[in-house]
1. Just give me the residues in the range A:73-91 being more than 8 Å from DNA strand D (Cβ to nearest atom), touching a residue at least 24 places away in the same chain (Cβ under 8 Å) and under 15 Å from A:GLN57 (Cβ atoms), in sequence order.
2. Can you name the residue in the range B:140-158 that is more than 7 Å from chain A (Cβ to nearest Cβ) and in contact with a helix residue (DSSP H, G or I) (Cβ under 7 Å, 6 or more places away or on another chain) and is also farthest from A:SER21 (Cα to Cα) among such residues?
3. Under 8 Å between Cβ atoms, which residue pairs at least 6 apart in sequence (or on different chains) link something in the range B:41-65 that is closer than 15 Å to B:GLY84 by Cα with a partner that is assigned to a helix (DSSP H, G or I) and more than 14 Å from DNA strand C (Cβ to nearest atom)?
4. Residues to consider are A:LEU110, A:LEU149, A:LEU128; find the one that is surrounded by 14 or more Cβ atoms within 10 Å (Cβ to Cβ), in a helix (DSSP H, G or I) and at pLDDT 95 or above.
5. Could you identify the single residue in A:GLU79, A:GLU123 that is farther than 30 Å from B:ASN142 by Cα, part of a helix (DSSP H, G or I), over 14 Å from the mean Cα position of the chain (by Cα) and modelled with pLDDT of 95 or more?
6. Scan (1) within 11 Å of DNA strand D (Cβ to nearest atom); (2) under 17 Å from the mean Cα position of the chain (by Cα); (3) surrounded by 12 or more Cβ atoms within 10 Å (Cβ to Cβ) for the single condition B:HIS69 breaks and write down its number.
7. Scan the range A:29-39 residue by residue and report those that are surrounded by fewer than 23 Cβ atoms within 10 Å (Cβ to Cβ) and assigned to a helix (DSSP H, G or I).
8. Identify all residues within the range B:40-55 that are facing chain A (nearest Cβ under 9 Å) and assigned to a loop (DSSP other than H, G, I, E, B); write none if there are none.
2 protein chains.
Amino acid sequence: MNETTDGAGVELADHASFLLSQLGAHAAQRFAERLQPLGLDPKQFGVLTQLAKSDGQSQQQLADAMRLHRNVMVGLIDELEGGGFVQRRRHPSDRRAHAVHLTETAWELLPPAREALDALDTELIGGLAVEEQRHLTRLLRNLTDAAGLAPGVHPNLP
Amino acid sequence: MNETTDGAGVELADHASFLLSQLGAHAAQRFAERLQPLGLDPKQFGVLTQLAKSDGQSQQQLADAMRLHRNVMVGLIDELEGGGFVQRRRHPSDRRAHAVHLTETAWELLPPAREALDALDTELIGGLAVEEQRHLTRLLRNLTDAAGLAPGVHPNLP
DNA sequence: TATTGTTATACTCTATAACTATA
DNA sequence: TATAGTTATAGAGTATAACAATA
């Protein structure tokens, strides 16, 4: 038996699962690199996008939305508050909770952050024809839905 | 200014980069779960597939191939040797190095491991028409190549 | 001098539990 | 009794440096 020719090996690069995982890890890493000049890491950016959808959420609400434990959110908000991106204010109806609000700085950071994401799309799939880019994006969206992944939610970020 | 309607937000689920990262992390996690009954984690499986391609490599060669530091490989080979999947033998030409060899147990594990990967492909993209599955796989392979990712190499696995 | 395997150390992440103040 | 925020601690994972044996 010859281990190099008997076909017992596994051709990882022919499997969609492996390619997705490989390309996904690369995308996450490149996104982190593109976010870095803005002073953000991916998790912090996730909090900001959540607050952009609905400002003033409690830390528990943010943790639920991002599928993180509330203990992790404490540190995230600490970092974001230290960086001047969010403020902890008194919650209007629950004295246990904080209402987390975006600062002007954070609001101004969202457009360049979106541009970073657009640029990354171009970097990764810009080689395709425009209609093929749209087709792939729609296809990927269908696959995430079929896999039961919540839209815009991404645990396990670097 | 109303933060819920002014469009400052970022629609993550519309960006191919985000979808790739989200789906890729999911694929990696599900693959780890499918590998677990075989007594392997993804990194250990990576070593096994490398050795299946060429048995008897040194730890340094394996580390280079997998883009890991040789220090990490020590622990990986320790685990695999403890599980009875590989043996450290005397290297035929370099007395500093070990020749790492697959055991019979490991050879017998490769077919079910490949089946696990096939099953995961079906789980993730089985909802597509067969020709569309092939088209997507080819497309993803082209994207990994364009991104400069080495075929079959995947650092940062869980 | 450089390389292979190894060990030790520090640093980051994550998961869990426990505490406080409120509900 | 349960929940929001916080803190502390332990575990996994990773990165770096150093060492002995050999090239």
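The values are calculated or read from the model by the stated rules, or taken from the named source; none is laboratory data. Computed from a prediction, not measured in an experiment: that's the story for all the values here. Counting neighbours? That spans all protein chains shown, and the Cβs are built from the backbone with ideal geometry, glycine included.
1. Across the range A:73-91, the qualifying residues are A:LEU76, A:LEU80, A:PHE85, A:VAL86, A:ARG89.
2. B:PRO158
3. B:ASP41/B:LEU35; B:PHE45/B:LEU35; B:PHE45/B:ALA113; B:LEU48/B:ALA106; B:LEU48/B:LEU109; B:LEU48/B:LEU110; B:LEU48/B:ALA113; B:LEU51/B:ALA106
4. After applying the criteria, what remains is A:LEU110.
5. Every option except A:GLU79 fails the conditions.
6. Against the list (1) within 11 Å of DNA strand D (Cβ to nearest atom); (2) under 17 Å from the mean Cα position of the chain (by Cα); (3) surrounded by 12 or more Cβ atoms within 10 Å (Cβ to Cβ), B:HIS69 comes up short only on (3).
7. Restricting attention to the range A:29-39, the residues satisfying the condition of being surrounded by fewer than 23 Cβ atoms within 10 Å (Cβ to Cβ) are A:29-30, A:32-39.
Correct list: A:GLN29, A:ARG30, A:ALA32, A:GLU33, A:ARG34, A:LEU35, A:GLN36, A:PRO37, A:LEU38.
8. Once the filter is applied, which keeps residues that are facing chain A (nearest Cβ under 9 Å) and assigned to a loop (DSSP other than H, G, I, E, B), the range B:40-55 yields B:SER54, B:ASP55.
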